[in-house]
Amino acid sequence: MTNTEIREFIDNAIKENPVMLFMKGTPHQPACGFSARTSACLNALGVKYAALDILPDPRIREELSGLSGWPTIPQLFVGGELVGGCDIVTEMYETGELAEKLGVEQPEDEPEVDAPQLQRAPLGLENRLD
Amino acid sequence: MPSAEELKSRIESALPGSRVNVEDLTGGGDHFRAEVESDRFDGLSRIQQHKLVYDVFGDEIGGPIHALSIKTSTPMGDRT
């Protein structure tokens, strides 16, 4: 897969998935505390989302940051727009803004209790890198 | 290896008049948390506010600075 193809894949993933999270690891097995906390916020809200692990190839992160202009992982996109990374998502979760943006009810319990509601199976980029 | 003090002074010189507090979260010089108060943030979205701080360090984010956690505010205390 060329860099251009990776970038197109990422671009399509952002456009096609109303709630799209790029993270290290997966929602079931996050590989970084920041990614874990961000997906926990989404899990706690019970929204469906797609997630892509950026770790299988360093080019995924390079192309993603090139597209978004955001240097760090995770990155959450809603409706094709970058919402932010861990700090912003956590802050918006706590103030209820994230629930509002996603059109769901703010739960009363803390994050990291609920299982992820994945929109669909892994997007499959990792199988196409060779 | 960057120090909390170095990050603080670089943010302060990039955003004159800002009040900055930087903490080295692990003591290892690679995971930092920055609290930045600046009137430059007025009227900007959170994304834009955080980008102003990230832009100070460019490619160092994800490199020598493995993680930079950011909290921004304006002197008036409100945030958009």
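Readers should treat all values here as calculations from the given coordinates under stated rules, not as data from a laboratory. Computed from a prediction, not measured in an experiment: that's the story for all the values here. Glycine gets a Cβ as well: all are built from the backbone with ideal geometry, and neighbour counts include every protein chain shown.
3J(HN,Hα) couplings calculated from phi for the stretch A:34-39 with the Karplus curve 6.51 cos²θ - 1.76 cosθ + 1.60 (θ = phi - 60°) are, in sequence order, 5, 5, 4, 5, 5, 5 Hz; Gly and Pro show x. Residues A:C86, A:C32, A:C41 in ascending order of nearby Cβ atoms (within 10 Å, fewest first): A:C32, A:C41, A:C86. Relative contact order, whole percent, for chain A stands at 35, derived from Cα pairs under 8 Å and 6 or more residues apart. Compactness check for the protein assembly as shown: Cα Rg over 2.2 N^0.38 Å is 1.02.
When every alpha-carbon pair in chain B is counted, what percent end up more than 18 Å apart? Roughly 34 percent, once rounded to a whole number. Reported to the nearest whole Å, the Cα centre-to-centre distance from the stretch B:2-24 to the stretch B:40-80 is 12. Taking only the alpha carbons of the stretch A:1-103, we obtain Rg and Dmax values of 12.7, 41 Å in that order.
For the residues A:P74, A:P27, A:P107, a GNM of chain A with alpha-carbon springs under 10 Å puts the largest fluctuation on A:P107. Given +1 at the Cβ of Lys and Arg, -1 at the Cβ of Asp and Glu and no other charges, the dipole of chain B around its Cα centre is 240 debye to the nearest 20. Beta bridges per DSSP, both residues in the stretch A:3-106: antiparallel share near 65 percent. The label point for A:E100 and the one for A:N3, both projected 7 Å from the Cα toward the Cβ, are 4.0 nm apart.
Annotation: amide H of A:G25 within the under-5 Å range of A:A31, A:I54, A:L55, sequence separation 5 or more or interchain, hydrogens built in the peptide plane.
Couplings 3J(HN,Hα) for the stretch A:95-100, derived from phi with the Karplus relation 6.51 cos²θ - 1.76 cosθ + 1.60 (θ = phi - 60°), are 7, x, 5, 5, 4, 5 Hz, where x marks Gly and Pro.
In this structure, the amide hydrogen of B:S69, modeled 1.01 Å from its nitrogen in the peptide plane, lies closer than 5 angstrom to those of B:F32, B:R33, B:A34, counting only residues at least 5 positions away or on a different chain. Extension gain for B:N21 to B:E60 (0.36 nm times residue separation, less C-alpha to C-alpha distance): 12.1 nm. Each Lys and Arg adds +1 at its Cβ and each Asp and Glu adds -1 at its Cβ; summed about the Cα centre, the stretch A:3-106 shows a dipole of about 200 debye.
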